[in-house]
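The values are calculated or read from the model by the stated rules, or taken from the named source; none is laboratory data. Quick caveat: nothing in here was measured; it's all calculated off a predicted structure. A quick note on method: Cβ atoms are made from the backbone with ideal geometry, for glycine too, and the neighbour counts reach across all protein chains shown. We work out accessible area using only protein heavy atoms, side chains counted, and drop any ligands, DNA or RNA first. Shrake-Rupley method; radii C 1.70, N 1.55, O 1.52, S 1.80 Å.
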Amino acid sequence: MPTNIPFSKKNITDKDLKIVNKILKSGWLTHGKYTEQFENTFSKFSNSKFALTVSSCTAGLHLICLAIGLKKGDEVLVPNLTHTATAHAATYTGAKVRFVDINLYDGNLSVKDLLKKINSKTKAIIVVHLTGISSELDKIIEICKKKKIFLIEDCAHALGTEYKSKHVGNFGIAGSFSFYPTKQITTGEGGMVITNNKSIFKKIKILKAFGIDKEIKQRKIPGLYNVKELGYNYRMTDFQSALGLEQLKRYNKELSLRKKNAILYCKYLKNIKNLKFNNYIDTCSYFIFPIFLKKKYRDRVIKIFKKKKIGFSIHYAKIIDEMKYYKKGLTRNKNSKIYANENISLPVHSDIKENNILHISKLIREALNEN
Ligand SMILES: Cc1ncc(COP(=O)(O)O)c(C=O)c1O
(Lines give C-alpha, C1' and ligand atoms only; values in the text may rest on other atoms or scores of the structure.)
Protein backbone atom coordinates (compact mmCIF):
# COMPACT_ATOMS: atom_id res chain seq x y z
CA MET A 1 0.00 0.00 0.00
CA PRO A 2 1.59 3.39 -0.99
CA THR A 3 2.22 5.73 1.93
CA ASN A 4 3.49 9.28 2.26
CA ILE A 5 2.31 10.60 -1.09
CA PRO A 6 3.75 14.14 -1.35
CA PHE A 7 1.58 17.05 -2.43
CA SER A 8 4.25 18.56 -4.65
CA LYS A 9 7.03 17.12 -6.76
CA LYS A 10 10.67 17.38 -5.84
CA ASN A 11 11.76 18.76 -9.17
CA ILE A 12 15.46 19.24 -8.60
CA THR A 13 17.97 16.80 -10.11
CA ASP A 14 21.68 16.27 -9.43
CA LYS A 15 22.47 17.98 -12.74
CA ASP A 16 20.50 21.07 -11.61
CA LEU A 17 22.44 21.12 -8.33
CA LYS A 18 25.75 20.92 -10.17
CA ILE A 19 24.88 24.04 -12.17
CA VAL A 20 23.68 25.87 -9.05
CA ASN A 21 26.89 24.91 -7.28
CA LYS A 22 28.97 26.21 -10.18
CA ILE A 23 27.15 29.55 -10.12
CA LEU A 24 27.44 29.85 -6.33
CA LYS A 25 31.17 29.26 -6.55
CA SER A 26 31.63 31.67 -9.48
CA GLY A 27 30.95 34.73 -7.33
CA TRP A 28 28.57 36.08 -10.02
CA LEU A 29 25.26 35.35 -8.30
CA THR A 30 22.95 37.84 -9.95
CA HIS A 31 22.62 39.68 -13.32
CA GLY A 32 24.14 36.61 -14.98
CA LYS A 33 23.79 34.69 -18.22
CA TYR A 34 21.35 32.11 -16.78
CA THR A 35 18.79 34.82 -16.08
CA GLU A 36 18.98 35.92 -19.71
CA GLN A 37 18.75 32.30 -20.91
CA PHE A 38 15.80 31.56 -18.63
CA GLU A 39 13.98 34.65 -19.94
CA ASN A 40 14.71 33.76 -23.58
CA THR A 41 13.66 30.14 -23.14
CA PHE A 42 10.49 31.18 -21.29
CA SER A 43 9.56 33.64 -23.99
CA LYS A 44 9.99 30.86 -26.60
CA PHE A 45 8.02 28.38 -24.47
CA SER A 46 5.11 30.78 -24.00
CA ASN A 47 5.44 32.31 -27.46
CA SER A 48 5.51 35.82 -26.03
CA LYS A 49 7.71 38.66 -27.28
CA PHE A 50 9.20 39.49 -23.88
CA ALA A 51 9.82 37.64 -20.62
CA LEU A 52 11.30 39.07 -17.42
CA THR A 53 12.35 37.15 -14.31
CA VAL A 54 11.04 38.56 -11.04
CA SER A 55 11.40 37.66 -7.37
CA SER A 56 7.83 36.26 -7.18
CA CYS A 57 4.57 36.18 -9.07
CA THR A 58 3.25 38.78 -6.61
CA ALA A 59 6.15 41.11 -7.47
CA GLY A 60 5.39 40.53 -11.16
CA LEU A 61 1.71 41.39 -10.72
CA HIS A 62 2.65 44.49 -8.72
CA LEU A 63 5.02 45.63 -11.49
CA ILE A 64 2.32 45.13 -14.13
CA CYS A 65 -0.13 47.18 -12.04
CA LEU A 66 2.49 49.95 -11.70
CA ALA A 67 3.41 49.82 -15.39
CA ILE A 68 -0.18 50.44 -16.49
CA GLY A 69 -0.33 53.39 -14.09
CA LEU A 70 -2.82 52.13 -11.51
CA LYS A 71 -3.27 54.59 -8.65
CA LYS A 72 -5.54 55.79 -5.88
CA GLY A 73 -9.04 56.39 -7.17
CA ASP A 74 -8.85 53.50 -9.67
CA GLU A 75 -10.71 50.23 -9.21
CA VAL A 76 -9.50 46.76 -10.13
CA LEU A 77 -11.72 43.71 -10.41
CA VAL A 78 -10.34 40.42 -9.07
CA PRO A 79 -11.92 37.04 -8.38
CA ASN A 80 -13.08 36.55 -4.81
CA LEU A 81 -11.61 33.06 -4.72
CA THR A 82 -7.86 33.35 -5.32
CA HIS A 83 -4.59 33.77 -3.45
CA THR A 84 -4.51 37.04 -1.56
CA ALA A 85 -1.51 38.03 -3.77
CA THR A 86 -3.87 38.80 -6.68
CA ALA A 87 -5.68 41.42 -4.60
CA HIS A 88 -2.54 42.70 -2.83
CA ALA A 89 -0.72 43.44 -6.13
CA ALA A 90 -3.37 45.97 -7.14
CA THR A 91 -3.86 47.31 -3.61
CA TYR A 92 -0.12 48.18 -3.28
CA THR A 93 -0.63 50.87 -5.94
CA GLY A 94 -3.37 52.62 -3.94
CA ALA A 95 -6.12 51.31 -6.24
CA LYS A 96 -9.20 49.70 -4.71
CA VAL A 97 -10.02 46.07 -5.41
CA ARG A 98 -13.57 44.87 -5.94
CA PHE A 99 -14.39 41.19 -5.80
CA VAL A 100 -16.11 39.26 -8.55
CA ASP A 101 -17.77 35.87 -8.14
CA ILE A 102 -16.46 32.74 -9.88
CA ASN A 103 -17.97 29.89 -11.88
CA LEU A 104 -18.82 26.57 -10.31
CA TYR A 105 -16.69 24.49 -10.69
CA ASP A 106 -13.94 25.72 -13.04
CA GLY A 107 -13.19 28.35 -10.40
CA ASN A 108 -12.66 31.20 -12.87
CA LEU A 109 -14.10 34.71 -13.02
CA SER A 110 -17.85 34.76 -13.70
CA VAL A 111 -18.44 36.92 -16.76
CA LYS A 112 -22.01 37.56 -15.63
CA ASP A 113 -20.87 38.97 -12.27
CA LEU A 114 -17.98 40.82 -13.93
CA LEU A 115 -20.45 42.81 -16.02
CA LYS A 116 -22.36 43.78 -12.86
CA LYS A 117 -19.22 45.03 -11.09
CA ILE A 118 -17.71 47.21 -13.87
CA ASN A 119 -18.12 50.96 -13.41
CA SER A 120 -16.47 54.15 -14.63
CA LYS A 121 -13.58 53.75 -12.14
CA THR A 122 -12.68 50.23 -13.29
CA LYS A 123 -9.18 50.44 -14.81
CA ALA A 124 -8.15 46.77 -14.83
CA ILE A 125 -9.35 43.20 -14.44
CA ILE A 126 -7.03 40.52 -13.09
CA VAL A 127 -8.06 37.04 -14.21
CA VAL A 128 -6.66 33.96 -12.49
CA HIS A 129 -6.48 30.72 -14.45
CA LEU A 130 -7.35 28.77 -11.32
CA THR A 131 -5.75 25.32 -10.89
CA GLY A 132 -4.47 25.62 -14.50
CA ILE A 133 -7.88 25.94 -16.21
CA SER A 134 -7.98 28.90 -18.55
CA SER A 135 -10.54 31.68 -17.95
CA GLU A 136 -13.22 32.53 -20.55
CA LEU A 137 -10.81 34.88 -22.29
CA ASP A 138 -12.74 35.68 -25.47
CA LYS A 139 -15.65 37.15 -23.55
CA ILE A 140 -13.44 38.98 -21.07
CA ILE A 141 -11.25 40.48 -23.83
CA GLU A 142 -14.36 41.74 -25.61
CA ILE A 143 -15.56 43.44 -22.42
CA CYS A 144 -12.11 44.97 -21.80
CA LYS A 145 -11.90 46.34 -25.35
CA LYS A 146 -15.38 47.80 -25.21
CA LYS A 147 -14.88 49.43 -21.81
CA LYS A 148 -11.17 50.34 -22.35
CA ILE A 149 -10.02 48.31 -19.36
CA PHE A 150 -6.61 46.62 -19.00
CA LEU A 151 -6.59 42.84 -18.75
CA ILE A 152 -3.90 41.34 -16.49
CA GLU A 153 -3.41 37.58 -16.25
CA ASP A 154 -2.43 35.94 -12.97
CA CYS A 155 -0.81 32.78 -14.36
CA ALA A 156 0.51 31.50 -11.02
CA HIS A 157 -1.17 28.11 -11.62
CA ALA A 158 -0.96 28.09 -15.37
CA LEU A 159 2.45 27.14 -16.76
CA GLY A 160 1.53 25.22 -19.92
CA THR A 161 -2.14 26.29 -19.99
CA GLU A 162 -3.47 27.18 -23.42
CA TYR A 163 -6.53 28.97 -24.65
CA LYS A 164 -7.40 28.53 -28.33
CA SER A 165 -3.88 27.17 -29.04
CA LYS A 166 -2.11 30.16 -27.46
CA HIS A 167 -0.29 30.12 -24.11
CA VAL A 168 -2.09 32.08 -21.40
CA GLY A 169 -0.36 35.28 -20.32
CA ASN A 170 -0.48 36.52 -23.93
CA PHE A 171 -4.08 37.71 -23.92
CA GLY A 172 -3.93 40.92 -21.90
CA ILE A 173 -1.35 43.62 -21.30
CA ALA A 174 0.88 41.13 -19.40
CA GLY A 175 0.84 37.94 -17.33
CA SER A 176 2.74 36.80 -14.25
CA PHE A 177 3.81 33.22 -13.37
CA SER A 178 4.87 31.74 -10.03
CA PHE A 179 7.76 29.39 -9.25
CA TYR A 180 6.84 28.87 -5.60
CA PRO A 181 7.81 25.33 -4.43
CA THR A 182 4.40 23.72 -4.99
CA LYS A 183 4.17 25.05 -8.55
CA GLN A 184 4.84 23.08 -11.77
CA ILE A 185 8.45 24.34 -11.78
CA THR A 186 10.19 26.00 -8.86
CA THR A 187 13.02 28.40 -8.09
CA GLY A 188 12.22 28.50 -4.35
CA GLU A 189 10.59 31.90 -4.57
CA GLY A 190 10.39 33.44 -8.03
CA GLY A 191 8.26 34.36 -10.99
CA MET A 192 8.19 35.49 -14.62
CA VAL A 193 6.33 38.30 -16.35
CA ILE A 194 5.47 37.95 -20.02
CA THR A 195 4.16 40.66 -22.32
CA ASN A 196 3.92 41.46 -26.01
CA ASN A 197 4.03 45.21 -25.38
CA LYS A 198 7.49 46.77 -25.74
CA SER A 199 6.84 49.85 -23.62
CA ILE A 200 5.38 47.75 -20.75
CA PHE A 201 8.44 45.47 -21.02
CA LYS A 202 10.81 48.45 -20.81
CA LYS A 203 8.93 49.97 -17.86
CA ILE A 204 8.92 46.71 -15.91
CA LYS A 205 12.60 46.07 -16.63
CA ILE A 206 13.47 49.40 -15.01
CA LEU A 207 10.94 49.18 -12.18
CA LYS A 208 12.10 45.72 -11.11
CA ALA A 209 15.64 47.06 -10.52
CA PHE A 210 15.28 50.22 -8.40
CA GLY A 211 14.21 52.45 -11.30
CA ILE A 212 17.84 52.54 -12.47
CA ASP A 213 18.16 53.63 -16.10
CA LYS A 214 21.20 51.50 -17.08
CA GLU A 215 21.92 47.80 -16.70
CA ILE A 216 25.35 46.89 -15.31
CA LYS A 217 26.83 46.14 -18.73
CA GLN A 218 25.62 49.51 -20.10
CA ARG A 219 27.39 51.54 -17.41
CA LYS A 220 30.58 53.28 -18.59
CA ILE A 221 31.79 53.75 -15.02
CA PRO A 222 30.69 51.24 -12.33
CA GLY A 223 28.01 52.78 -10.15
CA LEU A 224 27.28 55.57 -12.64
CA TYR A 225 23.59 55.58 -13.46
CA ASN A 226 20.52 57.69 -13.03
CA VAL A 227 17.22 56.99 -11.26
CA LYS A 228 14.16 58.56 -12.81
CA GLU A 229 11.47 56.79 -10.85
CA LEU A 230 10.82 54.89 -7.62
CA GLY A 231 11.66 51.30 -8.52
CA TYR A 232 11.91 48.16 -6.43
CA ASN A 233 14.36 45.31 -6.01
CA TYR A 234 12.28 42.51 -7.51
CA ARG A 235 15.08 40.63 -9.29
CA MET A 236 15.73 36.91 -9.40
CA THR A 237 19.23 35.55 -8.65
CA ASP A 238 21.20 33.74 -11.35
CA PHE A 239 21.24 30.39 -9.51
CA GLN A 240 17.44 30.52 -9.18
CA SER A 241 17.23 31.26 -12.91
CA ALA A 242 19.43 28.22 -13.65
CA LEU A 243 17.12 26.03 -11.55
CA GLY A 244 14.06 27.33 -13.38
CA LEU A 245 15.71 27.02 -16.78
CA GLU A 246 16.67 23.36 -16.30
CA GLN A 247 13.12 22.46 -15.17
CA LEU A 248 11.59 24.41 -18.02
CA LYS A 249 13.70 22.46 -20.53
CA ARG A 250 12.08 19.22 -19.35
CA TYR A 251 8.66 20.70 -18.64
CA ASN A 252 6.85 19.30 -21.67
CA LYS A 253 7.42 15.81 -20.28
CA GLU A 254 6.26 16.87 -16.80
CA LEU A 255 3.15 18.45 -18.32
CA SER A 256 2.20 15.36 -20.31
CA LEU A 257 2.54 13.19 -17.17
CA ARG A 258 0.35 15.62 -15.22
CA LYS A 259 -2.27 15.33 -17.95
CA LYS A 260 -2.06 11.53 -17.89
CA ASN A 261 -2.56 11.61 -14.12
CA ALA A 262 -5.59 13.87 -14.49
CA ILE A 263 -7.11 11.36 -16.92
CA LEU A 264 -6.52 8.60 -14.36
CA TYR A 265 -8.23 10.61 -11.59
CA CYS A 266 -11.22 11.11 -13.92
CA LYS A 267 -11.33 7.35 -14.45
CA TYR A 268 -10.94 6.22 -10.84
CA LEU A 269 -13.13 8.89 -9.24
CA LYS A 270 -16.04 8.25 -11.60
CA ASN A 271 -19.49 7.55 -10.15
CA ILE A 272 -18.75 8.35 -6.52
CA LYS A 273 -21.87 9.70 -4.92
CA ASN A 274 -21.52 13.19 -3.35
CA LEU A 275 -18.27 13.87 -5.20
CA LYS A 276 -17.83 16.43 -7.99
CA PHE A 277 -14.88 17.16 -10.27
CA ASN A 278 -14.37 18.82 -13.66
CA ASN A 279 -14.18 16.64 -16.75
CA TYR A 280 -10.71 16.27 -18.25
CA ILE A 281 -9.55 19.46 -20.04
CA ASP A 282 -6.65 18.96 -22.45
CA THR A 283 -5.58 22.62 -22.43
CA CYS A 284 -5.28 22.65 -18.61
CA SER A 285 -1.77 22.49 -17.10
CA TYR A 286 -2.99 20.70 -13.96
CA PHE A 287 -1.24 22.57 -11.19
CA ILE A 288 -3.43 20.38 -8.96
CA PHE A 289 -6.51 18.18 -9.45
CA PRO A 290 -9.46 19.78 -7.62
CA ILE A 291 -12.38 17.75 -6.23
CA PHE A 292 -15.48 19.08 -4.49
CA LEU A 293 -17.38 17.61 -1.53
CA LYS A 294 -19.94 18.98 0.90
CA LYS A 295 -18.40 20.00 4.24
CA LYS A 296 -19.15 16.84 6.24
CA TYR A 297 -17.63 14.67 3.50
CA ARG A 298 -14.65 16.98 3.07
CA ASP A 299 -13.92 16.80 6.81
CA ARG A 300 -14.02 13.02 6.58
CA VAL A 301 -11.67 12.86 3.59
CA ILE A 302 -9.23 15.33 5.19
CA LYS A 303 -9.10 13.20 8.35
CA ILE A 304 -8.30 10.09 6.35
CA PHE A 305 -5.70 11.87 4.16
CA LYS A 306 -3.93 13.11 7.29
CA LYS A 307 -3.96 9.63 8.85
CA LYS A 308 -2.69 7.96 5.67
CA LYS A 309 -0.16 10.73 4.94
CA ILE A 310 -1.64 11.76 1.61
CA GLY A 311 -0.43 15.21 0.60
CA PHE A 312 -3.31 17.55 -0.22
CA SER A 313 -4.19 21.21 -0.03
CA ILE A 314 -7.15 23.56 -0.38
CA HIS A 315 -7.13 26.34 -3.00
CA TYR A 316 -8.56 28.28 -1.19
CA ALA A 317 -10.44 27.76 2.07
CA LYS A 318 -11.56 31.36 2.61
CA ILE A 319 -12.71 33.98 0.14
CA ILE A 320 -10.67 37.19 -0.03
CA ASP A 321 -13.30 39.65 1.13
CA GLU A 322 -13.72 37.62 4.31
CA MET A 323 -10.04 38.23 5.16
CA LYS A 324 -9.77 40.83 7.91
CA TYR A 325 -7.74 43.27 5.79
CA TYR A 326 -10.24 43.31 2.95
CA LYS A 327 -13.39 42.56 4.90
CA LYS A 328 -16.21 44.50 3.33
CA GLY A 329 -19.20 42.28 3.97
CA LEU A 330 -20.71 43.93 0.90
CA THR A 331 -20.29 41.30 -1.76
CA ARG A 332 -22.40 38.19 -1.82
CA ASN A 333 -20.29 35.92 -3.96
CA LYS A 334 -22.22 32.71 -3.48
CA ASN A 335 -20.20 30.52 -5.83
CA SER A 336 -16.86 31.64 -4.38
CA LYS A 337 -18.07 30.60 -0.92
CA ILE A 338 -19.34 27.23 -2.12
CA TYR A 339 -16.01 26.57 -3.89
CA ALA A 340 -14.04 27.57 -0.76
CA ASN A 341 -16.14 25.27 1.44
CA GLU A 342 -16.04 22.28 -0.88
CA ASN A 343 -12.65 22.07 -2.64
CA ILE A 344 -9.72 19.78 -1.97
CA SER A 345 -6.57 19.84 -4.15
CA LEU A 346 -5.18 16.42 -4.99
CA PRO A 347 -1.55 15.93 -6.07
CA VAL A 348 -1.18 15.37 -9.81
CA HIS A 349 2.57 15.88 -10.44
CA SER A 350 4.77 13.40 -12.27
CA ASP A 351 6.09 11.67 -9.12
CA ILE A 352 2.53 10.33 -8.61
CA LYS A 353 2.07 6.93 -10.20
CA GLU A 354 -1.10 5.11 -11.21
CA ASN A 355 -1.14 3.01 -8.02
CA ASN A 356 -1.01 6.25 -5.95
CA ILE A 357 -4.00 7.64 -7.83
CA LEU A 358 -5.89 4.40 -7.38
CA HIS A 359 -5.06 4.41 -3.66
CA ILE A 360 -6.18 8.04 -3.20
CA SER A 361 -9.38 7.38 -5.16
CA LYS A 362 -10.16 4.29 -3.08
CA LEU A 363 -9.71 6.24 0.15
CA ILE A 364 -12.12 8.89 -1.11
CA ARG A 365 -14.63 6.21 -2.16
CA GLU A 366 -14.37 4.56 1.27
CA ALA A 367 -14.72 7.89 3.06
CA LEU A 368 -17.97 8.44 1.20
CA ASN A 369 -19.09 4.93 2.13
CA GLU A 370 -18.85 3.46 -1.32
CA ASN A 371 -16.94 0.37 -2.33
C1 LIG B 1 -3.34 32.51 -7.87
C2 LIG B 1 -2.05 32.97 -7.26
N3 LIG B 1 -1.59 34.19 -7.54
C4 LIG B 1 -0.45 34.65 -7.04
C5 LIG B 1 0.32 33.88 -6.19
C6 LIG B 1 1.58 34.43 -5.64
O7 LIG B 1 2.68 33.76 -6.14
P8 LIG B 1 4.11 33.98 -5.49
O9 LIG B 1 4.16 33.16 -4.25
O10 LIG B 1 5.08 33.50 -6.53
O11 LIG B 1 4.24 35.43 -5.22
C12 LIG B 1 -0.10 32.60 -5.86
C13 LIG B 1 0.71 31.81 -4.95
O14 LIG B 1 0.65 30.64 -4.82
C15 LIG B 1 -1.31 32.12 -6.40
O16 LIG B 1 -1.76 30.90 -6.11
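So how exposed is Arg250, as accessible area in Å² (1.4 Å probe, rounded to 10)? Near enough 80 Å² of accessible area. Over the chain, DSSP H runs of length four or greater, each weighted -39,500 (n - 2.57), average out per residue to a 222 nm ellipticity of -11500 deg cm²/dmol. List the lysines whose Cα lies under 26 Å from the Cα of Lys220, skipping any in the same chain that are fewer than 8 positions away. Leaving aside lysines fewer than 8 places away in the same chain, those within reach of Lys220 are Lys33, Lys198, Lys202, Lys203, Lys205, Lys208, Lys228. A Gaussian network model of the chain, with springs between Cα atoms under 10 Å, assigns the largest mean-square fluctuation among Asp213, Asp351, Asp101 to Asp213.
Normalised by 2.2 N^0.38 Å, with N the number of residues, the alpha-carbon radius of gyration of segment 14-249 equals 1.02. FRET efficiency for the pair Ile12 and Lys112, taken as 1/(1 + (r/R0)^6) with r the Cβ-Cβ distance and R0 = 30 Å, rounds to 0.10.
Considering all C-alpha pairs of segment 52-174, those separated by over 18 Å amount to 46%. Taking Thr161, Thr93, Thr186 in turn, the Gaussian network model of the chain (Cα-Cα springs below 10 Å) assigns the largest fluctuation to Thr93.
Just so you know, the Cα atoms of segment 1-94 work out to an Rg and Dmax of 18.4, 58 Å. Relative to the dominant Cα principal axis of the chain, helix 251-268 is inclined by about 20°.
Given segment 251-367 reduced to its alpha-carbon atoms as identical point scatterers, what log10 I(q)/I(0) does the Debye formula return at q = 0.14, 0.15, 0.16, 0.18 Å⁻¹? Taken in order of the listed q values, log10 I(q)/I(0) reads -0.62, -0.70, -0.79, -0.94. Computing FRET efficiency as 1/(1 + (r/R0)^6) for Glu36 and Met323, where r is the C-beta to C-beta distance and R0 is 56 Å, gives about 0.90.
Amide H of Phe150 versus every other amide H placed in the peptide plane: which residues, excluding those fewer than 5 positions away on the same chain, fall under 5 Å? Amide H neighbours of Phe150, under 5 Å, 5+ apart: Ala124, Ile125. Within a straight-line Cα-Cα reach of under 17 Å, Lys334 can be paired with the following aspartates and glutamates, leaving aside sequence neighbours fewer than 8 residues apart in one chain: Asp101, Asp106, Asp113, Asp321, Glu322, Glu342. Accessible area per residue was computed with a 1.4 Å probe on protein heavy atoms; Tyr34 scores about 30 Å². Ordered by 1.4 Å accessible area with all protein chains kept, Tyr339, Tyr280 run largest first as Tyr280, Tyr339. Axis of helix 57-67 versus longest Cα principal axis of the chain: the two differ by about 50°, to the nearest ten degrees. Over the chain, what percent of the accessible surface lies on carbon and sulfur atoms, probe 1.4 Å? Accessible surface attributable to carbon and sulfur in the chain totals 54 percent. If the segment from Lys22 to Lys96 were pulled out straight at 0.36 nm per residue, it would be longer than the present Cα-Cα gap by 22.1 nm. Excluding same-chain neighbours fewer than eight residues apart, the aspartates and glutamates reachable from Lys260 by a Cα-Cα span under 13 Å are Asp282, Asp351, Glu354.
Take every pair of alpha-carbon atoms less than 8 Å apart whose residues are at least six positions apart; their mean separation over the length of segment 251-367 yields a relative contact order of 39 percent. Relative contact order for segment 89-206: 16 percent, from Cα pairs under 8 Å spaced at least 6 residues apart, divided by residue count. Over 32 Å apart at the Cα level, from the set Lys10/Lys72; Lys166/Lys353; Lys112/Lys276; Lys22/Lys309, are Lys10/Lys72; Lys22/Lys309. Relative to the longest principal axis of the Cα atoms of the chain, the long axis of helix 295-307 lies at roughly 80 degrees.
Model label points for Lys270 and Lys228, set 7 angstrom from Cα along the Cα-to-Cβ axis, are 6.1 nm apart. A Gaussian network model of the chain, with springs between Cα atoms under 10 Å, assigns the largest mean-square fluctuation among Asn47, Asn103, Asn274 to Asn274. Simple spin-label estimate for Leu368 and Ile304 gives 1.0 nm between the two label positions (7 Å along the Cα-to-Cβ direction from each Cα). If you average the sequence gap of Cα pairs under 8 Å that are 6 or more apart and divide by the length of the chain, what percent do you get for the contact order? Reported relative contact order: 23 percent. Computed about its Cα centre, the charge dipole of segment 14-249 is approximately 900 debye, with only Lys, Arg, Asp and Glu carrying charge at their Cβ.
In the context of the full set of protein chains, residues of segment 53-117 present 30 Å² of accessible surface per residue (probe radius 1.4 Å, heavy atoms only).
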